[in-house]
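Down below is the structure, laid out as structure tokens.
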Amino acid sequence: MVDKPGGGEPGASSGTDRSIGELVSDATDNLSRLVRLEIRLAKLEAKADATRIGKSVGEFLAAGVVLHLVAILLSVTIGLGLMELGLAPWIAFGIVTLFYLLVAAVLVLIAIVNLRRRQGLARTAETTSRLVSILRGDIRPPRNGDGAVAVSGETAPAEK
């Protein structure tokens with residue numbers, strides 16, 4: 001008899017023949033374990049994406065605060081420019097306003113880059129599609145840590 005469910009080679013019989021009920025029980029146990037592992041992987045990947053999205057939201061908020069400062073400084077700059085009609089204070093406040101505008105643009109670009117680096121549920125999709133192929137019989141389950149092998153003799157893509 002096999003020590004643990006799914007521990008033997010597919011199609012190989014153990015020392016004693018097992019009943020249909022035992023085989024169905026083992027298959028059910030293995031399938032539910034696979035489903036639990038897929039759910040766990042999906043949760044881990046979703047948590048990583050949520051962290052990246054949270055950071056990007058924080059960066060957008062920082063850019064919003066800086067843009068608010070830009071609006072205030074622009075207003076002060078225009079007011080002083082109209083009051084004084086002299087270039088020195090107006091140019092000085094204009095340079096400060098442009099500096100804050102540049103800082104806001106950099107923060108927005110960083111946030112966009114971080115959002116685009118989000119990976120989604122790539123590993124979950126890969127393992128789920130492999131599991132479906134195994135259940136359909138298109139590929140054989142992996143042995144000894146190797147990748148799944150296509151029934152037609154082709155090998156499955158290597159793991160990343």
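We did not get these values from a lab; they are worked out from the coordinates using the rules stated. Small disclaimer: the values here were computed from a predicted structure and weren't measured. In this analysis, Cβ positions are derived from the backbone assuming ideal geometry, glycine residues included, and neighbour counts consider all displayed protein chains.
So here's what we get for this one:
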{"quantity": "Interchain or long-range residues, amide H under 5 Å from Ile139's placed H", "calculated": "Ile134, Val151"}
{"quantity": "Gain on full stretching of the segment that runs from Leu23 to Val132 - 0.36 nm per residue minus C-alpha separation", "calculated": "37.3 nm"}
{"quantity": "DSSP-loop trypsin sites (Lys or Arg not before Pro) across segment 95-136, with at most 11 other Cβ within 10 angstrom", "calculated": "Arg117"}
